[in-house]
1. Assuming residue 67 fulfils every condition listed in (1) surrounded by fewer than 10 Cβ atoms within 10 Å (Cβ to Cβ); (2) small (Gly, Ala, Ser); (3) under 14 Å from residue 4 (Cα atoms) apart from one, which condition is it?
2. For residues in region 31-46 being surrounded by 12 or more Cβ atoms within 10 Å (Cβ to Cβ) and polar (S, T, N, Q), which is nearest to residue 61 (Cα to Cα)?
3. Assigned to a loop (DSSP other than H, G, I, E, B), modelled with pLDDT under 75 and out of contact with any Ser or Thr (no Cβ under 6 Å at 6 or more places or on another chain): is that true of residue 97 in this structure?
4. Pairs, please: C-beta under 9 Å, at least 6 apart or cross-chain, first residue in contact (Cβ under 8 Å) with a residue 24 or more places away in the chain and surrounded by 11 or more Cβ atoms within 10 Å (Cβ to Cβ) and in region 1-30, second polar (S, T, N, Q) and part of a loop (DSSP other than H, G, I, E, B)?
Amino acid sequence: MALSVKGRINQILKPETGVSKGGKEWIKREFVIETEEQFPRKVCFTLFGDKTQLIDGLSVGEMVEVSFNLESREYNGKWFHNINAWKIDKPSANNLPDAPPEYSMSDIPPEPDEDTAADLPF
């Protein structure tokens, strides 16, 4: 199940490392974004292994779009959930609406004089 959400980076947590039961080293890093909806929500994402580098170069306050998978697992009769990020994109300037063009007083047509105004059909 692949999903995505846009928001502003609210917090970047420090990397965590450890060793699995099988003796393999692991690394994970979490970060929080806040959505910009009518009712903003904070969402904490997890990056594992080489994906932890995706957050490098980004800082708190930046807008991002995060692609992620949801995962649930049971342990001792309780369910635990992960939101695993696998891609982080910065919205490009091309996705922003264009600003209106500049205008000056010379762009406004002159008012018609009374002789010409009588020729108008309405």
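The values are calculated or read from the model by the stated rules, or taken from the named source; none is laboratory data. The shown structure was predicted, so the numbers you read here are calculated from the model rather than taken from an experiment. Positions of Cβ are backbone-derived with ideal geometry, glycine not excepted, and every protein chain shown enters the neighbour counts.
1. (1) is the only condition that residue 67 fails.
2. Of everything passing the filter in region 31-46, 35 is nearest to residue 61 (Cα to Cα).
3. Working: assigned to a loop (DSSP other than H, G, I, E, B): yes; modelled with pLDDT under 75: yes; out of contact with any Ser or Thr (no Cβ under 6 Å at 6 or more places or on another chain): yes.
When the stated conditions are applied, residue 97 passes them.
4. Note: pairs meeting the criteria are 5/35; 6/35; 7/35; 8/35; 9/59; 12/59.
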